[in-house]
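Novice: Below you will find the structure I want to go over with you.
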Amino acid sequence: MGTLLVIMVLVTAEVAAKDDAFRIGGVVALSGTYGVIGEETRKGAELAIEVRGGKVLGVPIQAIWEDSETKPQIAVQKATIVISKGAHMLLGATASGETLAVMKQAELRKIPMLVTVSADDDVTGKLRNRYTFRTSNDAASEVKMIIEYLRQSKYKKIYGVAADYGTTRDMLAAVKAGLEKDATYVGEDFPPFGSKDYAIIINRIVSSGADAAVIITGGSDSITFMKQSEEIKLREKVKFVGAILSDEALAKAAGPGSLGSMSAVRYHFSLDTPANKDFVARFKAKYGEYPTPFAGETYDGLSWWLDMVEKTGVWDREKWIDAFETSVRENSLEGRKIMRACDHQAQQIGIFAETVKGQAPLPEYTMKIRRVFKAEEIARPCP
């Protein structure tokens, strides 16, 4: 009887571990400064689920979405909610501060977390943990692209603008240090996160005599800056250069003020790979528009993760992690991606593009790729 009881307990535990659905806890900014980015993240995730028939490990995939409001404290609260609803993994967050906060919950609860937007180096750097993976570029790679572009350009007087936020401040400082021998730094400003008025900063840029401005903001901050700068046609006097400064969605909202801006972008719909062509066609059919970098990176990263979960064939989070951290994505939207076991950072190409006037059927404002960096050119050394 005792042996039979043990067997019954073990069988019950095995069945309970399987579950009736695979739950993805999506904690992203659907409002606030990065709300536009969170919406694109959700679109990419939804299509990734749809393309695989809505299933993994033989059960339906259920996405549970919660709005982080672009606030770290709220993000942690929302992560707790999706975990309480039985999330088998976390997707997000959007701003780096949110992501770093939620990562702690992932580690504490031993729940895999997939990052497809946040760029802070600490995510896969000094604060990395076993349960968190990033499948998009990190801040260090984007900084390298900005520095390389400015080194090869004619711009020698640089003004810096970064949101008053840890990640963006660090990125601007790295750009400044990297250009020390190549250009003169003529000023800098750190407007509050979610700033609504850039008039004073725009006047300072004009007065400084800068011929280029490194703008590291993002989301609605980038939109507001470019909109307000267009009132004095600043883009005709000063070249805007940044990381996620512009893409098709941001440029559409910013209007002509975005034209000519140079930006590191983490994905682009014009990439000539079979996987990307298929994705773009599916995305346009579903949403009636071209995918943004955030939609593309999330689709790519989540598809990769779900494929590896399926490959294990088991309901075991630790085995999912073991499989993913040594995987290679040969058919990524961007070509070949390698997941580095040393830090859980995907090694991949870097894209630097310019906002130009699009010709039909392209969006009115579209990103023209000016340079593709090889993965080894921009990758950080393993820690």
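Novice: Inspect all residues belonging to region 187-207 and state whether any of them is surrounded by fewer than 19 Cβ atoms within 10 Å (Cβ to Cβ), hydroxyl-bearing (Ser, Thr, Tyr) and at pLDDT 95 or above.
Specialist: The answer is yes; a qualifying residue exists.
Novice: For region 263-292, what are the residues that are open to solvent by less than 10 Å² (accessible area, probe 1.4 Å), not in a loop (DSSP other than H, G, I, E, B) and not β-branched (Val, Ile, Thr)?
Specialist: Ser263, Ala264, Asn276, Phe279, Phe283, listed by residue number.
Novice: Sort out which residues of region 243-264 are modelled with pLDDT of 95 or more and out of contact with any helix residue (DSSP H, G or I) (no Cβ under 8 Å at 6 or more places or on another chain), and write them in order of number.
Specialist: Ser263
Novice: Now for a separate question. Could you please let me know if Lys85 is in contact (Cβ under 8 Å) with a residue 12 or more places away in the chain, under 18 Å from Glu297 (Cα atoms) and of a type outside the set (Asp, Glu)?
Specialist: no
Novice: Name every residue in region 76-100 that is in contact with a strand residue (DSSP E or B) (Cβ under 8 Å, 6 or more places away or on another chain) and open to solvent by 10 Å² or more (accessible area, probe 1.4 Å), in order of residue number.
Specialist: First pass over region 76-100, keeping only residues in contact with a strand residue (DSSP E or B) (Cβ under 8 Å, 6 or more places away or on another chain): 78-79, 81-83, 85-94, 98-99.
Once the filter is applied, which keeps residues that are in contact with a strand residue (DSSP E or B) (Cβ under 8 Å, 6 or more places away or on another chain) and open to solvent by 10 Å² or more (accessible area, probe 1.4 Å), region 76-100 yields Lys78, Ile81, Ile83, Lys85, Gly86, His88.
Novice: Inspect all residues belonging to region 311-326 and state whether any of them is open to solvent by 40 Å² or more (accessible area, probe 1.4 Å) and under 20 Å from Glu377 (Cα atoms).
Specialist: Checked against the condition, which is being open to solvent by 40 Å² or more (accessible area, probe 1.4 Å) and under 20 Å from Glu377 (Cα atoms), region 311-326 yields no hits at all.
Novice: If I ask for residues that are outside any helix (DSSP H, G or I) and either within 20 Å of Lys157 (Cα to Cα) or touching a helix residue (DSSP H, G or I) at 6+ places or on another chain (Cβ under 7 Å) (or both), which ones from region 195-217 would you list? Let's see the steps before the verdict.
Specialist: First, pick out the residues of region 195-217 that are outside any helix (DSSP H, G or I): 195-198, 209-217.
Answer for region 195-217, where residues must be outside any helix (DSSP H, G or I) and either within 20 Å of Lys157 (Cα to Cα) or touching a helix residue (DSSP H, G or I) at 6+ places or on another chain (Cβ under 7 Å) (or both): Ser195, Lys196, Tyr198, Gly209, Ala210, Asp211, Ala212, Ala213, Val214, Ile215, Ile216, Thr217.
Novice: Taking Tyr155 and the conditions (1) open to solvent by less than 50 Å² (accessible area, probe 1.4 Å); (2) in contact (Cβ under 8 Å) with a residue 60 or more places away in the chain; (3) touching a Gly at 6+ places or on another chain (Cβ under 8 Å), which numbered condition does it fall short on, given that it satisfies the others?
Specialist: (3)
Novice: Looking at region 114-147, which of its residues are closer than 11 Å to Leu100 by Cβ and in a strand (DSSP E or B)?
Specialist: Hits for region 114-147 are Val115, Thr132.
The values are calculated or read from the model by the stated rules, or taken from the named source; none is laboratory data. Remember, it's a predicted structure, so these values are computed and weren't measured experimentally. Note that we place each Cβ from the backbone using ideal geometry, even for glycine, and neighbour counts take in every protein chain shown. With ligands, DNA and RNA removed, areas are computed over all heavy atoms of the protein, side chains included. Shrake-Rupley method; radii C 1.70, N 1.55, O 1.52, S 1.80 Å.
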